[in-house]
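Here's the structure we're looking at; comments come further down.
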Amino acid sequence: MIGDCYIKYLCLTLCMVVCGAAGMGPDRVQSPDTMENDVAIIPQPLEMKRTKGSFPLSDGVIVSYRDAGAENSVAFLKNYLRQYYGLALQERRSAPHRSAITLNISEKPQAPKGAYELKVSPEYIEITGYNEEGLFYGVQSLLQLLPVCKSGAAAGGDTASDATAPVLQIPCVRLKDAPRFEYRGMHLDVVRHIFPVSYIKQYIDYIALHKMNYFHWHLTDDQGWRMESRSHPRLNELGAYREGTIIGLFPGKGIDSTRYGGFYTIEQMKEIVDYAARRYITVVPEIDVPGHCMAVLAAYPEFGTEPDKPVKPAVTWGIYNRQNNVLAPGEKVFRFLEDVFNELMDVFPGEYIHIGADECAHRWWEESAATQRFMEEHGLKDTKQLQEYFARRVSDVVTARGRTVIGWDEMVDNGLVDGAVVMSWRNEKGAYRAMKQGHRAIMAPAAYSYLNIKQKEKEDTLCHKSRTVSLEKVYGFEPLPDSISVADPSLLMGGEGCMWTEYFPHKERLEYGLFPRMSAIAEVYWSDRKARDWHRFLQKLPSQFARYDLWGANYCTWIFEEKRSDSQ
Ligand code: ACM
């Protein structure tokens, strides 16, 4: 437990520096003299200047704003301060106030979405967003200027009414900030393991706190169908539940016999969409077709290439190519796809609809006489052309409603349909290949972005162990290196981190995989290339760890254990 001790030591040091000792001194006010080197904002802002002094934030400080567009930001700021610090701000719909926090929106149409300025002076705090989301990100930076030790947070008790609420000294700074990339996302697989709505909201808060703006929600796969379907209710009756789950690391030590599953109702999904939107996060829902469809076939075996063989939702992982999980081409299947993608678009209003398109084993099509007949009738020379045909049919449904298709990078080999955005997971090259053909792309290369893969060589925690995705590797990923020649780099929309949940059945394990690597990903896609600095990121981590503590999140502390063992 060397690591735990070391982290506690780091956090203790940090608390003493930031809070002026637990309890914040006899008058419970921090000394501004202790406030040097105390700014640790992740992701690193574009321009930041620490100036002298600090602003005393206490119970009852006014937060003033004029624009209705500021309401989401005001609500987030107030909730955070109440929840984590027991402070209650007074909200005023009025002109800027002296000795207050003022939130402005000053629309600058040419400014990137998310650009803002933040000024903290000893007298007042002013955040100016060049658009609504910019204001929201300015609030996130302000929250990261707060003292971050549990003792500081707890000093005032848990409720806003606690008379002993602390005065929090906010270091004076001037920030000018804007994101590098327009798409900064996190993915969550709720198929292998499902998470309650309350936790999905918590996950969305984590995304917001990292100034990320897309939540990629992987809703269907071989092991379950997780969205309510009114057009095809058997997807929920039969497709949403598996009879057990593999025990241990694949290929496993058997299958437990616990029925597992569930699905999100339309109302719940709409609630999530609304919750995310109030944090300037767009939900990108995914229905994965035409492979990864065992849960569909469990409900509707007639949609498969072996309609007479009963199928059940998979109880194990890694079934690609081993068990038949592909849809068969045919009008009844295309009608099914039209129905479920329309249901999806009724719930999710965002521009992007993820259609999967990964890991479809063509052997099942090659071995099916009916599929071969379909291909002949439609002039499809090989199964690559068939997969393209599938993608086109689904894309037609999506684009008919003015939406845009995202597909995993197998699309580049098997059907890059017009206007599709490619999400590159096998490596980075899929994105560059798509961009060379004039398509937009999003990075999610497994070697740098899959947070379900082990993060240290000797990993005791159950997770994918095929390789190591260390924090340093995640942080070091450059999406547009100099060595890459693409005519239009602006086609790269950004990137995301992925959390596949085979080995992540609950919050503690999930967050151990997530943090601090998600914080590194936030910096990769937000911060200017020149502003990224691994050593500075390491220096900021103890503060970030203290923030995870404040949020009640679990995290992996190994990076400091590694540094320690290196130096011994
Ligand atoms: C994937 O990991 N199959 C996208």
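Rule-based calculations on the coordinates, nothing more; no lab input. Source: prediction; values computed, not measured. As a convention, Cβ positions derive from the backbone with ideal geometry for all residues, glycine included, and neighbour counts pool all protein chains shown.
Considering every residue within the range 418-430, establish whether at least one is away from the ligand (no atom under 16 Å from the Cβ), touching a residue at least 12 places away in the same chain (Cβ under 8 Å) and over 16 Å from Ser490 (Cα atoms).
Scanning the range 418-430 turns up at least one residue that is away from the ligand (no atom under 16 Å from the Cβ), touching a residue at least 12 places away in the same chain (Cβ under 8 Å) and over 16 Å from Ser490 (Cα atoms).
In the range 176-206, which residue that is in a strand (DSSP E or B) and basic (Lys, Arg) is farthest from His218 (Cα to Cα)?
We begin by selecting, within the range 176-206, every residue in a strand (DSSP E or B); these are 176-177, 183-189.
The next check asks that each one be basic (Lys, Arg); those that pass are 176, 184.
Details: Lys176: 35, Arg184: 16 Å.
Checking each candidate, the answer is Lys176.
Yes or no, residue by residue, for (1) away from the ligand (no atom under 16 Å from the Cβ); (2) within 24 Å of Asp533 (Cα to Cα); (3) within 18 Å of the chain's Cα centre (by Cα); (4) of a type in the set (Gly, Ala, Ser):
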site	(1), (2), (3), (4)
Lys456	yes, yes, no, no
Glu472	yes, yes, no, no
Pro481	yes, yes, no, no
Gly495	no, yes, yes, yes
Trp500	no, no, yes, no
Phe504	no, no, yes, no
Leu510	yes, no, yes, no
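Checking the range 343-352 against the condition returns a match, with at least one residue being in contact with a helix residue (DSSP H, G or I) (Cβ under 7 Å, 6 or more places away or on another chain), part of a loop (DSSP other than H, G, I, E, B) and buried (at least 20 other Cβ atoms within 10 Å of the Cβ). Within the range 237-249, the residues that satisfy the criterion of being under 16 Å from Ile194 (Cα atoms) and either part of a strand (DSSP E or B) or without any contact (Cβ under 8 Å) to a residue 40 or more places away in the chain (or both) are Tyr241, Arg242, Ile246. Glu228 falls short of the stated requirement of being exposed (fewer than 15 other Cβ atoms within 10 Å of the Cβ), within 30 Å of Ile204 (Cβ to Cβ) and of a type in the set (Asp, Glu).
Of all the criteria given as (1) away from the ligand (no atom under 16 Å from the Cβ); (2) in a loop (DSSP other than H, G, I, E, B), the one not satisfied by Ile319 is (1). Filtering the range 93-108 to residues that are hydroxyl-bearing (Ser, Thr, Tyr) and not in a loop (DSSP other than H, G, I, E, B) leaves only Thr102. Which residues, taken from the range 271-283, are surrounded by fewer than 18 Cβ atoms within 10 Å (Cβ to Cβ) and either touching a helix residue (DSSP H, G or I) at 6+ places or on another chain (Cβ under 6 Å) or free of Cβ contacts under 8 Å to residues at least 12 places away in the same chain (or both)? If the condition is that a residue be surrounded by fewer than 18 Cβ atoms within 10 Å (Cβ to Cβ) and either touching a helix residue (DSSP H, G or I) at 6+ places or on another chain (Cβ under 6 Å) or free of Cβ contacts under 8 Å to residues at least 12 places away in the same chain (or both), then Asp274, Ala277, Arg278 are the ones that fit.
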